[in-house]
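Notes to accompany the following structure.
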Amino acid sequence: AMQQMSTPILFLFTLFPVLAITKQFGRMWGGIAGVLELALVVMTMKLWPNMFAGALAMAVGVLMLIGLAVSKDLRQRRADRAAGAVEEEVGGDDPMASLFSASATRLRKYLPLFMLLGAGVCVLAQMHVFGGGEATSFLIAKGQYAEAAQVDFYRVFGFIPLIATTALASGAYGIAGFTLVYPIGY
């Protein structure tokens, strides 16, 4: 009974990519994303009744958001280059470059160590000694490793921007990286 209380909230999470797309790329793209997600929810309910209907829709929505953002950024760069705009050197007057450059350099220096630690976490997840988080630990305890991997895989997409910007701004990075080591390990 308690699990059914969370179902409406989980379906509302499906709308986050639609809202982000609408806010960043306009109503037309938001409408396309909304219709696509609605169609995926209905299709998932019909074709895969044992799977949460919003999971596929949310994943496609996040991928659509990422695709639109990358496409917009690439178009902007091409337009800037065509207009003859010269890119400033890192560390110039740009406050973002000065904020991130020192931390990024320090993180790159320790990249082999991060890779080794991430591989260790992945091995621990494979041995079912270590789980990704609160959401997956209950699934792992029940022996539902594929479902745990799916939950952590979706979490990767949700937290990449937060983890990346925090790591670049602070210079600190967790051993689990972008948390992709968990679904790989399961």
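The values are calculated or read from the model by the stated rules, or taken from the named source; none is laboratory data. Every value quoted in this text rests on a predicted model; they were computed, and no experiment measured them. Positions of Cβ are generated from backbone atoms using ideal geometry, with glycine treated the same way; all protein chains shown enter the neighbour counts.
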Could you give me the residue pairs with C-beta distances under 7 Å whose first residue belongs to segment 16-40 and is without any contact (Cβ under 8 Å) to a residue 60 or more places away in the chain and assigned by TED's automatic domain parsing to the domain that holds residue 58, whose second residue is surrounded by 13 or more Cβ atoms within 10 Å (Cβ to Cβ) and not in a helix (DSSP H, G or I) wherever it lies, and which are 6+ apart or on separate chains?
37/14
Any residue at all in segment 87-104 that's modelled with pLDDT of 85 or more and surrounded by 10 or more Cβ atoms within 10 Å (Cβ to Cβ)?
no
